[in-house]
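The values are calculated or read from the model by the stated rules, or taken from the named source; none is laboratory data. All figures in this text were calculated on a predicted structure; none of them were measured in a lab. Please note: Cβ atoms are built from the backbone with ideal geometry, for glycine as well, and neighbour counts cover all protein chains shown.
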Amino acid sequence: MKTKERLLQVFEKNKGVYFSGEALASLLSVSRTAVWKGVCALREGGYPIDAVPNRGYCLSPETDILSAQGIEKYLLHPELKLEVVDVTTSTNALLRQKAGEGAPEGTVVLSGCQTAGRGRLGRSFYSPADTGIYMSLLLRPRAMAPSQAVKLTTMAAAAACRAIAEVSGKDPGIKWVNDIFLEGKKVCGILTEASLSLEDGSLDAVVLGAGINVYPPAEGFPGELGGIAGAVFDTPQRDGKNRLAAAFLNRFFACYRGAESWMDTYREKNLVVGREITVSGQRAAAVAIDQDCRLVVRFPDGAEKALSSGEIQVKL
């Protein structure tokens, strides 16, 4: 770990606290010159580090910059391997590459900006800099059949709802199967991509991506997104991104490892059941979410069908 990263670890755990250059050098077993260079590098990265004679260096408690060190303060799963990049084409694409190179389960890639973010059905996912959290989790659930992969998506949707509620105090809901809505606007989307084992057809690797709009863009959401997309917060929050990223990871992995259930939350927060929807151009009533996370719909002729995937239209 570089001196810059070790310094950030200290500063993130002690926001608002001053450390002399001598104290930091002793703590990290480096020279004071190395400390100064590390502080300069952090400043260049956007961190507002104050320097006061006879007091030392201090990271402002008002900062809200996504970082592995910032997330780790709140993380309940220290075994996760976090990698935060400033910009990437797509966190899912980057993690798929790492999965192919043998990265272990629990590898997580996060970014504050994607240049080619993707949503379901090949749609683009608007991912501007400094407004959101875009993250991908690598899972290797070898005991899970491919037909059960939808459970990971619904698990992530429930975790996102719990995380947003925990950090913001607001009450989000889920549009089946994978969109999180808050106050009538979409604030989070989830995309799950899987690869199969050629040996037995089981799930070999799952890359689960989640994009959360933490703040609205300064210039607003473009085009038709203006009437659809929203954000968790209207104004900057202290450590809002790191707290939200950690809360999602904490909640998801608690469900994934069996420490928490998620189906009750998924059903409770579902915004579709009980409403009229459109499925492949046909009107239907959304009746229930079954044990396999499928949406049970009833058509006007009384026929029922359980949908495991696909697109529905509903007015929320």
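Points worth noting:
- Some residue of region 118-127 being among the basic types (Lys, Arg), at pLDDT 95 or above and touching a Ser or Thr at 6+ places or on another chain (Cβ under 7 Å): no
- Residue 141 passes every criterion in (1) closer than 17 Å to residue 208 by Cβ; (2) part of a loop (DSSP other than H, G, I, E, B); (3) in contact with a helix residue (DSSP H, G or I) (Cβ under 7 Å, 6 or more places away or on another chain); (4) not β-branched (Val, Ile, Thr) apart from (3).
- The criterion of at least 3 residues that are under 27 Å from residue 104 (Cα atoms) and either of a type in the set (A, V, I, L, M) or in contact with a helix residue (DSSP H, G or I) (Cβ under 6 Å, 6 or more places away or on another chain) (or both) is met, among strands (runs of 3 or more DSSP E) falling completely within region 153-250, by 185-196, 203-213.
- Among the residues making up region 297-316, those that are at pLDDT 85 or above, aliphatic (A, V, I, L, M) and either under 16 Å from residue 278 (Cβ atoms) or part of a loop (DSSP other than H, G, I, E, B) (or both) are 297, 303, 307.
- Sole exception among (1) at pLDDT 95 or above; (2) touching an Asp or Glu at 6+ places or on another chain (Cβ under 9 Å); (3) of a type in the set (Gly, Ala, Ser) for residue 160, by number: (2)
- Enumeration of residues in region 232-254 that are closer than 15 Å to residue 180 by Cβ and surrounded by fewer than 22 Cβ atoms within 10 Å (Cβ to Cβ): 233
- Some residue of region 258-271 being in contact with a Leu (Cβ under 8 Å, 6 or more places away or on another chain) and under 18 Å from residue 172 (Cβ atoms): yes
- Failed item in (1) farther than 28 Å from residue 112 by Cα; (2) acidic (Asp, Glu); (3) within 25 Å of the chain's Cα centre (by Cα), with residue 22 passing the rest: (3)
- Residues in region 280-316 that are out of contact with any strand residue (DSSP E or B) (no Cβ under 8 Å at 6 or more places or on another chain), among the polar types (S, T, N, Q) and farther than 24 Å from residue 262 by Cα: 280, 282.
- Close pairs (9 angstrom Cβ cut-off, 6 or more residues apart or separate chains): closer than 11 Å to residue 292 by Cβ and surrounded by fewer than 19 Cβ atoms within 10 Å (Cβ to Cβ) in region 140-156, of a type in the set (Gly, Ala, Ser) and modelled with pLDDT of 80 or more anywhere: 147/308; 150/308
- Residue match in region 233-243 (condition: in contact with a strand residue (DSSP E or B) (Cβ under 6 Å, 6 or more places away or on another chain) and either over 27 Å from residue 78 (Cα atoms) or of a type in the set (A, V, I, L, M, F, W, C) (or both)): no
- Odd one out for residue 134, checked against (1) touching a residue at least 40 places away in the same chain (Cβ under 8 Å); (2) in a helix (DSSP H, G or I); (3) closer than 17 Å to residue 210 by Cβ: (2)
- Restricting region 62-97 to residues that are of a type in the set (Asp, Glu) and more than 22 Å from residue 189 (Cβ to Cβ) leaves a set whose member that is modelled with the lowest pLDDT is 62.
- Hits in region 17-31 - residues which are out of contact with any helix residue (DSSP H, G or I) (no Cβ under 6 Å at 6 or more places or on another chain) and of a type in the set (A, V, I, L, M): 17, 23, 27
- Residue list for region 207-233, restricted to those being aliphatic (A, V, I, L, M) and at pLDDT below 95: 218, 225, 228, 229
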